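Read the figures in this text as sums done on the coordinates, not as results from a lab. What you see is a predicted model; the values in this text were computed from it and never measured. In this analysis, Cβ positions are derived from the backbone assuming ideal geometry, glycine residues included, and neighbour counts consider all displayed protein chains.
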Amino acid sequence: MKKGFNIVLMILGVVLFVSSCGNSKRTYTEMLKDERKMIRKLMDRENIVLLDKYPENGVFKENEFFQLSSGLYISVIDSGNGNRAVSGSTNLLCRFEMEYMDVLNDTAYYVDGFANDLYPMMFTYGASSASGSFYTYFGKGVVEPLQYIGDSAYVKLIVPFKIGGESQQSGGDPIYYKKLRYVFEK
């Protein structure tokens, strides 16, 4: 199973490398502008409604998102079973379905991490040092929702490059998680 996850990481690495070629000529301001255009295009395509405030009851309707102060867009599909992650000690297994949005080429690369032969993404919530591959490919945008949800939760996310993984930051590319599931390791 771990072999399947490593293959996903290799494919994602190649996509990230190819998408970051030529980015050295773009300024940070240009990267932000290009990202906003790509996210707006995604929101139009998916009929996403942006809420002014986080729902008090934590319940989102279909295609509703809220933008957190970090820039992360979140939509909670299922908030989980009520058990909350404990910083520094809760180990998580995550599966995801995502689109890596390549801004320079105006395209998206699809990855289905729910496929049976793929190993889940693993990390420890609040750990000061996570595995290199986790922060290289996923970053804090995937961790931030844990303050709102619990074990066995499902969310949709739009992760801007500034809070994404290191490779995502260098390319200036956002990621749209169509579905992301968090399961606490027992």
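A few remarks follow.
- Highest to lowest packing among 139-148, 26-35, scored as the average C-beta count within 10 Å: 139-148, 26-35
- Straight-line reach from K25: taking Cα to Cα under 19 Å and skipping same-chain neighbours fewer than 8 places apart, the aspartates and glutamates in range are D34, E35, D102, D106, E166, D173.
- All other residues whose Cβ lies under 14 angstrom from that of D112 are scored, Lys and Arg at +1 and Asp and Glu at -1, for a net of +1.
- Highest to lowest packing among 54-63, 118-127, 163-172, scored as the average C-beta count within 10 Å: 163-172, 118-127, 54-63
- Amide proton proximity set for V49, modelled H, under 5 Å, gap of 5+: E64, F65
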